[in-house]
Amino acid sequence: MSSQRQAPKTTNETLGEILAPELIHTQKTGVYRQLRELDDQDSTIAIINGRRTKIFASNDYLGLRRHPDLVAAAGDALGRYGTSAGASRLISGNCHLYGELEVKLAAFKNKEAALIFPTGYMANIGVLSSLAGPRDLVLMDRANHASLYDGCRLSGAKLRRFGHRDVERLQWLLEKNTDHRRRFVVTDGVFSADGDLAPLPQLAALAARHRCWLIVDDAHGTGVFGPQGRGTAAHFGVTAPVEIGTFSKALGGLGGFVAADRLTIDFLINKARPLIFTTGLPPATLAAASAAIDVILREPWRRERLLSSATRIRQKLAELGFDAMAGDSPIIPIMVGDEAAACRLADDCLEAGVFIPAVRHPTVPRNKARLRLTVSAAHTTADIDEMLAVISTIGQRHGLV
């Protein structure tokens, strides 16, 4: 009997071939995803598969990404500073536009200071992985964005989830989990899959009573809710010590930010790895974001039209017999249930010239698939009427109404 170990077996399989069974499983279970190419025409229309298509799938809530002020600001910065920051912010990529925009963001959010990250996802990861640690507790709404969960996992903190908007369960968790260095209550301001708002007055009261810190990811609320579009905390008249936002939704650009007290921001500058180890945003992107805040403050009609359109669409969908989730935001889920059925419904709408994507597991729980309709201030009454006519016809064909 030989004492020598046998050489490992060799294989000619590619990595893709090894992964193929998992990919096939996603196809069979209705959660397979693929990239879809769009030839963008304007804020509400694109060419998909060679066909002119109405888009009800965008986060460009205020219709700003083609606003002439944003385009001009970005163009001027592009001509002056070029296409890249050239380095991370802590090396040589901290253009003066950063500081100017951060001052504007802090004032917009009524905070002492603000800090910009390359994306909203990286802001969430950076904030949670820096502020929380292994001796801390993070309490999260189950419906929070994936980036918040990823940031918590990176932090090493203990994670406890409470049911969606379940304030009583959160209170119970706070009462039962007291032996931690720091405790954080973390929530979306507007939940991206359901389109409803967090109960921030109750969450803020609980956080104050139990001496923990409330963190609000206001990606979908900034620019949309509150006086002058200042966000969901302002909408409810409460204070969240830490507010996270993004330029990629209502502000029509790219990037993330956090607004808080000055010392917290200084701490993040020294600890947040997604900031420290990433090249800064191009100056043109910063200039566009700054211009977007000016437009939001100057053109309140955009927010008013947006919310009015969202209310009208919900009312019409209910009249047609759809199971559209209640809410106040421009995110309007139309519940279907089965993943494959949701995909077929979305495909038929697309074939009829209206793009409303199917959202499925793992973004939402299994058998909670839905069409996720989003409206923009750029949509006209005629756009909305056309969409409603299409989805009514397709819904009847699929037995949803």
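The values are calculated or read from the model by the stated rules, or taken from the named source; none is laboratory data. Since this is a predicted model, take the numbers as computed values, not measurements. Don't worry about glycine lacking a Cβ; one is built from the backbone with ideal geometry, like all the others, and counts go over all protein chains shown. Accessible surface is based on the protein model in full, side chains and every heavy atom, while ligands, DNA and RNA are left aside. Shrake-Rupley method; radii C 1.70, N 1.55, O 1.52, S 1.80 Å.
Quick notes on this one:
- Residues of segment 63-80 satisfying the condition of being over 30 Å from Asp383 (Cβ atoms) and either touching a Ser or Thr at 6+ places or on another chain (Cβ under 8 Å) or buried (at least 18 other Cβ atoms within 10 Å of the Cβ) (or both): Ala77
- Criterion (aliphatic (A, V, I, L, M), surrounded by 18 or more Cβ atoms within 10 Å (Cβ to Cβ) and closer than 16 Å to Leu275 by Cα) met by exactly one of Leu90, Leu115, Leu105: Leu115
- Condition check for Val190: over 25 Å from Arg360 (Cα atoms), touching a residue at least 12 places away in the same chain (Cβ under 8 Å) and of a type in the set (Val, Ile, Thr): no
- Among the candidates Ala389, Ala291, the residue that is open to solvent by less than 30 Å² (accessible area, probe 1.4 Å) and in a helix (DSSP H, G or I) is uniquely Ala291.
- Any hit, segment 314-330, residues being surrounded by fewer than 17 Cβ atoms within 10 Å (Cβ to Cβ), of a type in the set (S, T, N, Q) and farther than 21 Å from Ser43 by Cβ: yes
- Tabulated pairs, segment 283-305, first under 16 Å from Gly75 (Cβ atoms), second in a helix (DSSP H, G or I) and of a type in the set (Phe, Trp, Tyr), C-beta under 9 angstrom, 6+ apart or interchain: Pro283/Tyr81; Pro283/Tyr98; Ala284/Tyr81; Leu286/Tyr98; Ala287/Tyr81
- Taking the numbered list (1) surrounded by 21 or more Cβ atoms within 10 Å (Cβ to Cβ); (2) free of Cβ contacts under 8 Å to residues at least 40 places away in the same chain; (3) not hydroxyl-bearing (Ser, Thr, Tyr) in turn, Gly337 passes all entries but (1).
- Meets criteria (buried (at least 19 other Cβ atoms within 10 Å of the Cβ), touching a His at 6+ places or on another chain (Cβ under 6 Å) and of a type outside the set (Gly, Ala, Ser)) for Leu345: yes
- Cross-chain or 6+ apart pairs with Cβ under 7 Å, segment 356-378 first and modelled with pLDDT under 95, then open to solvent by 50 Å² or more (accessible area, probe 1.4 Å): Asn367/Asp338; Ala369/Asp338
- In the set (1) in contact with a Leu (Cβ under 6 Å, 6 or more places away or on another chain); (2) crowded, with 22+ Cβ neighbours inside 10 Å; (3) more than 20 Å from Ala233 (Cβ to Cβ); (4) not charged (D, E, K, R), the condition left unmet by Ser129 is number (2).
- Filter result for Ala326 (within 24 Å of the chain's Cα centre (by Cα) and either modelled with pLDDT under 95 or part of a helix (DSSP H, G or I) (or both)): yes
- For segment 348-371, the set of residues classified as crowded, with 19+ Cβ neighbours inside 10 Å and in a helix (DSSP H, G or I) consists of Cys349, Leu350, listed by residue number.
- Close pairs from segment 234-250: first under 18 Å from Thr285 (Cα atoms) and among the aromatic types (Phe, Trp, Tyr), partner open to solvent by less than 50 Å² (accessible area, probe 1.4 Å) and not in a strand (DSSP E or B), Cβ under 6 Å, at least 6 apart: Phe247/Gly253; Phe247/Gly255; Phe247/Ala289
- Residue list for segment 132-159, filter: over 21 Å from the mean Cα position of the chain (by Cα) and either open to solvent by 70 Å² or more (accessible area, probe 1.4 Å) or on the phi > 0 side of the Ramachandran plot (or both): Pro134, Arg135, Gly156, Lys158
- Pairing residues of segment 96-123 that are more than 11 Å from Gly245 (Cα to Cα) and touching a residue at least 40 places away in the same chain (Cβ under 8 Å) with residues that are of a type in the set (D, E, K, R) and assigned to a strand (DSSP E or B), at Cβ distances under 9 Å and at least 6 apart in sequence or on separate chains, gives Lys111/Glu243.
- Flag if Ser92 is in a helix (DSSP H, G or I) and of a type in the set (Ser, Thr, Tyr): no
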